[in-house]
Each structure stands twice: as structure tokens, then as C-alpha cells.
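Data block below; observations after.
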Amino acid sequence: MNPIDPRDRRPQRIAVLPGDGIGKDVTAEAVKMLAAAAEAWELPLELVHFPWDADRYLATGETMPPGALEDFRDNYAAVFIGAYGDPRVPDMKHAADVLLGIRFGLDLYVNFRPIKLYDARFCPLKGKRERDVDFVVFRENTEGAYVGVGGQFKRGTPDEIAVQEELHTRKGVERILRAAFDWAAAHGKRSVVMADKSNVMRHAGDLWQRCFSEVAAGYPGIEARHLFVDALTMQMVLKPEQFEVIVTNNMFGDIVTDLGAALQGGLGLAASANLHPGRTSMFEPVHGSAPKHAGTSRANPAGALLSAALMLETLGHAEAATEVERAVEQSLREGRTTPDLGGTLTTSEVGDLVARAVGSGVPARR
């Protein structure tokens, strides 16, 4: 993921946007852990908090202030987000403006999702072990169905028509494919699977198929396989151990990664990175804001903690990132987790546990 040079000791400013609902709960634990990691590992982190939530939007009508994206781009190493969504904002305008605004505005074209089973007890598939569910998904993050091209005609009448367009560019397709192959090569992976629905979506599929063949030719040591997305989802359930790297478009990536999260134990464990290598990137757990659970101390912070680990790795702090993942995995294996995974700990107790483990890890310097 082209991490920043760890020898660069300049302060790394991180914009923290807790968002709504349980986003605030889990972000508090990620911040706690990052503080412990920064102290133990002497990391040059500077966390700056931005209260851009539904309360603020309802009070002011503003989602992000003018110049926010430029500020992030020019003055921050990373953005960390909790979760967005509030029933008082039915159209979720503030969530779309913040989340999609940052993804599109900063051109974060890679959505990187590790799918890793930390304890076999959490997998809903019969007989699968930890080594059977361990792959990554590269989801194209700035094109496809999410560009919002389309419209409605004769709305509210019997003749109503809705048109929703997808958009795929050669540049966009090539760079996400290349990112997947580069990552596979750097991590010793033997195969990359591209998923589409080119038997139905022929125009977009033709572009993806041609680009896939062309990019794959530059990586002769990596097997390049194609699956229709419906076949991919079936194979993820039947034989997940066959996958190492999956790459697909924005819409299919959204669906496939949620299935992947279920294989590893649920959305509470799902981490993600929204990347443009070498630029300011955004990190977030992929669960929703779950307003009814906000403030109940039941939210699982593991996804937020693992997202923070991805951020540390990208910022050049690989040892600290490994320690965070190790601490989360140990807590899961020991059953010291939240009720969604059969544990009895609160959100903050899990955060305390991981922060202590990270803080007492073997740092690079004392």
C-alpha cells in the first residue's frame, strides 16, 4: 500500500471524524489505542477532532465546511472515520457529503478490505479454519454505480421511469487492477481473481476484461482468474480458501466485502482503507452507525481498531500495526470481546484491553 517512509519523523496529523451513533463509541476506543501506540512506539501522531455529525448538520445545515477537502489533502496524513447515519436525516445527506465527498474529492480509488478469520468459532461455514478465510478485496472506489449519474421521469405517476447509469474509465479500471496485482506481488500471493458480470453488462465488462488481460500480462508469476460475480459469491461460501486477492468494481465490491465480513465473524470485525497511494487516505470500520446501540457499550470496536492498524501501516509504522492486530486477535481468541461475539466485555473494556497490550508491546525505542 506504499506506506510512508518510517524514517520521516515529521508530525503526522490525523483528522478524526467520529460521525454518528456507535461511530462515536468505537472511534473513542481507536483514539485510546492510537494514543497508547504513539507513546509506546514514539510515533509522531497528532490527532485533530472534527465534530461533523448529524447534530451539527441539523443545527447548521452544513455538512463539511468550504475548503475542508483541500485542508485534508494539504495538511493531513490520514483521515479516520467512525460511522455515519442518523434516522433524523432520512436522505443521509450529511453522510453522503462526508463519506463520498472524501472518497471522490481525494480520489481514493482503492477500497482495501482484508477478510481474515481470527478465530474459527466466528465463521458461519461448517468446518472452516482460520487459514481457510484469509484474503483481501480490492474494490474500485470512485466510479461505477456510485457516481450518481441518472434521473427520474414522470415521478409519482404510473409511467414513472428511473435511470441509473454506471461509469467506468480505462484509467480507473487499469489503476485498481494494477493496485491489486502490485499488492499480490509484494506479498507473495499467487493468484488474483477479477469478478464482473460481463455476460450481461457487456460494455463495462468488455473494458474490464481487456484491461485485466493487459495488466495481468505484466505479472507472469501470478495466476489471473476471472469469475462472474455470482459464481464468486458462491465460491466464497463453498471454498473461501482458494482466494488470495479479489478485485472488482464499486457495486460488486460493496456486496462481496460484506459477504466476506460475514465469513470472518460479522461487520464488527471488518476494517477498511480508502487509499490513493502516496496521498492522504481515509480509514474506517465498515459497519453502520446502529443508532439504537449508541451509548449502550455493546458496540464491537474491533473493526475500528483494525482500521486504525491499517492506518498505522500505511503511515509507515508497520511494527505498531502488527502489534495492534496481534492484540485484537488475542482478545478474540480468549473470548474477551463484546456480546455480539459471545463475550461479556463492554466497548470501552475491549478498547482498554487492546490499548494496554499495544502500550506494553516491545517498542522500537525506549
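The values are calculated or read from the model by the stated rules, or taken from the named source; none is laboratory data. It should be emphasised that the depicted structure is a prediction, and the values quoted were computed from it without experimental measurement. Here the Cβ is made from the backbone with ideal geometry for all residues, glycine too, and neighbour counts use every protein chain on show. What goes into the accessible areas is simple: the full protein's heavy atoms, side chains included, and nothing from ligands, DNA or RNA. Shrake-Rupley method; radii C 1.70, N 1.55, O 1.52, S 1.80 Å.
For the reader, a short list of remarks on this structure follows.
- Residues (among the acidic types (Asp, Glu), closer than 16 Å to Gly265 by Cβ and touching a Leu at 6+ places or on another chain (Cβ under 6 Å)) located in the stretch 129-147: Glu130
- Any hit, the stretch 132-148, residues being open to solvent by 50 Å² or more (accessible area, probe 1.4 Å) and modelled with pLDDT of 95 or more: yes
- Qualifying positions in the stretch 43-58 - within 22 Å of Asn75 (Cβ to Cβ) and open to solvent by 50 Å² or more (accessible area, probe 1.4 Å): Glu46, Leu47, His49, Pro51, Arg56
- Ile102 passes every criterion in (1) assigned to a strand (DSSP E or B); (2) within 14 Å of the chain's Cα centre (by Cα); (3) not acidic (Asp, Glu) apart from (1).
- Looking only at the stretch 152-179, and only at residues there that are among the β-branched types (Val, Ile, Thr) and out of contact with any Leu (no Cβ under 9 Å at 6 or more places or on another chain), the one that is surrounded by the most Cβ atoms within 10 Å (Cβ to Cβ): Ile176
- Restricted to the stretch 279-310, and to residues there that are under 15 Å from Pro18 (Cβ atoms) and among the aliphatic types (A, V, I, L, M), the residue that is farthest from the chain's Cα centre (by Cα) is Ala294.
- Hey, Ala96 surrounded by fewer than 18 Cβ atoms within 10 Å (Cβ to Cβ), out of contact with any Leu (no Cβ under 7 Å at 6 or more places or on another chain) and closer than 25 Å to Leu269 by Cα or not: yes
- Sub-6 Å Cβ pairs linking a first residue in the stretch 190-213 that is open to solvent by 10 Å² or more (accessible area, probe 1.4 Å) to a second residue that is of a type in the set (Gly, Ala, Ser) and assigned to a helix (DSSP H, G or I), at least 6 apart or interchain, are Ser198/Gly205, ordered by first then second residue.
- If you go through the stretch 221-251 and keep only what is farther than 17 Å from Ile115 by Cβ and of a type in the set (A, V, I, L, M, F, W, C), you end up with Ile222, Ala224, Phe228, Ala231, Met251.
Results for (1) touching a residue at least 40 places away in the same chain (Cβ under 8 Å); (2) open to solvent by 10 Å² or more (accessible area, probe 1.4 Å), shown as yes or no for each residue.
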position	(1), (2)
Gly288	yes, yes
Ala302	yes, no
Leu312	yes, no
Glu325	no, yes
Arg333	yes, yes
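- Number of the exception - Gln235 against (1) over 24 Å from the mean Cα position of the chain (by Cα); (2) at pLDDT 95 or above; (3) open to solvent by 30 Å² or more (accessible area, probe 1.4 Å): (1)
- Residue match in the stretch 46-65 (condition: part of a helix (DSSP H, G or I) and closer than 26 Å to Gly266 by Cα): yes
- Identity of the residue in the stretch 48-92, in contact (Cβ under 8 Å) with a residue 24 or more places away in the chain and among the hydroxyl-bearing types (Ser, Thr, Tyr), that ends up nearest to Gly21 (Cα to Cα): Tyr84
- Subset of the stretch 48-84 that is of a type in the set (Ser, Thr, Tyr) and out of contact with any helix residue (DSSP H, G or I) (no Cβ under 8 Å at 6 or more places or on another chain) - its residue that is modelled with the highest pLDDT: Tyr76
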